[in-house]
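Heads up, the thing below is written out as structure tokens.
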Amino acid sequence: MTGSPKSVRTARQHYLGSRAPLDQQALGDELIATSDRAVVINVAAILDSALPLAMAPKLRLGSDEEFAKAFENNGPISTFSARIDLAYWLRVVDRQARDQLHTIRELRNICAHSRLPIDLLEPRLAAVVRRAIFPTGLFRERPDDPRGLRKAFVAEALHLHGVILEGRDA
């Protein structure tokens, strides 16, 4: 088979090709209501997709085709890891954001590839989540709320999304 079916291309263009602003409230509500595995994978995907938008103006990409060639499929900046490092080298993100993004990327890999149940309150995963949200400490885990760690993780990730697109001081 050559290429993807039209239905897949249409869905991909709508959901992945859009450069529309993120509806943080709606997305935050959706993330809080889903499984721990899904929240981590989706948070990472949201942050991953913000990096090309923030880096593109600093690169010599004259068309949508060049953007796709750089950032999609097997392009030189198609992996989350490569995007994080390039964003740091281009000064799109600072060292703190870079480190947070790499921690979230590694957490995503654990959650996406594990055959074990994922519970963010399990001590080994909770330690990684806390490492991801600790640098700024803007959003604290509420010990009286069983979803407190997840809520702090989502809030920190949405803040980090803003840092990627607008900078730390925005």
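The values are calculated or read from the model by the stated rules, or taken from the named source; none is laboratory data. As the structure is a prediction and not an experimental result, all values here were calculated from the model. FYI the Cβ positions are ideal-geometry reconstructions off the backbone, even for glycines, and counts take in every protein chain you see. What goes into the accessible areas is simple: the full protein's heavy atoms, side chains included, and nothing from ligands, DNA or RNA. Shrake-Rupley method; radii C 1.70, N 1.55, O 1.52, S 1.80 Å.
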* Some residue of the stretch 100-114 being open to solvent by less than 20 Å² (accessible area, probe 1.4 Å) and farther than 21 Å from LEU160 by Cβ -> no
* Asked: Can you find a residue in the stretch 22-35 that is in contact with a Phe, Trp or Tyr (Cβ under 8 Å, 6 or more places away or on another chain) and aliphatic (A, V, I, L, M)?
  -> no
* Determine whether ILE77 is in a loop (DSSP other than H, G, I, E, B), in contact with a Lys or Arg (Cβ under 7 Å, 6 or more places away or on another chain), among the aliphatic types (A, V, I, L, M) and on the phi < 0 side of the Ramachandran plot. => yes
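What are the residues in the stretch 78-89 that are open to solvent by 20 Å² or more (accessible area, probe 1.4 Å) and touching a residue at least 12 places away in the same chain (Cβ under 8 Å), if any?
If the condition is that a residue be open to solvent by 20 Å² or more (accessible area, probe 1.4 Å) and touching a residue at least 12 places away in the same chain (Cβ under 8 Å), then SER81, ARG83, ASP85, LEU86 are the ones that fit.
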* **Unique match (being closer than 19 Å to ALA87 by Cβ, without any contact (Cβ under 8 Å) to a residue 24 or more places away in the chain, surrounded by fewer than 16 Cβ atoms within 10 Å (Cβ to Cβ) and acidic (Asp, Glu)) among GLU72, GLU65** => GLU72
* Structure fact -> Exactly one of VAL43, VAL92 is open to solvent by less than 70 Å² (accessible area, probe 1.4 Å), over 21 Å from ARG150 (Cβ atoms), in contact (Cβ under 8 Å) with a residue 24 or more places away in the chain and touching a helix residue (DSSP H, G or I) at 6+ places or on another chain (Cβ under 9 Å), and that residue is VAL92
* To do: List the number of the failed condition for ALA127; all other conditions in (1) outside any loop (DSSP other than H, G, I, E, B); (2) open to solvent by 50 Å² or more (accessible area, probe 1.4 Å); (3) under 23 Å from SER49 (Cα atoms); (4) of a type in the set (A, V, I, L, M, F, W, C) hold.
  => (3)
* Tally, over the stretch 95-109, of residues that are more than 14 Å from the chain's Cα centre (by Cα) and free of Cβ contacts under 8 Å to residues at least 24 places away in the same chain -> 1
* To do: Pull up the stretch 58-73, narrow it to residues that are assigned to a loop (DSSP other than H, G, I, E, B) and more than 22 Å from the chain's Cα centre (by Cα), then point me to the one that is farthest from ARG91 (Cα to Cα).
  => SER63
* Structure fact -> Checked against (1) of a type outside the set (Gly, Ala, Ser); (2) surrounded by 16 or more Cβ atoms within 10 Å (Cβ to Cβ); (3) touching a residue at least 60 places away in the same chain (Cβ under 8 Å); (4) in a helix (DSSP H, G or I), LEU53 satisfies every condition except (2)
* Pairs only if they're at least six apart or on different chains, beta carbon under 9 angstrom, first in the stretch 15-39 and closer than 18 Å to LEU120 by Cβ and modelled with pLDDT of 80 or more, second among the aliphatic types (A, V, I, L, M) and open to solvent by 60 Å² or more (accessible area, probe 1.4 Å); list them, first residue then second. => ASP36/LEU121
* Asked: Within the set of pairs 6+ apart or on separate chains, which have a first residue in the stretch 134-162 that is surrounded by 12 or more Cβ atoms within 10 Å (Cβ to Cβ), a second that is among the small types (Gly, Ala, Ser) and modelled with pLDDT under 80, and C-beta atoms under 8 Å apart?
  -> VAL154/GLY28; ALA155/GLY28; LEU158/GLY28; GLY162/ALA170
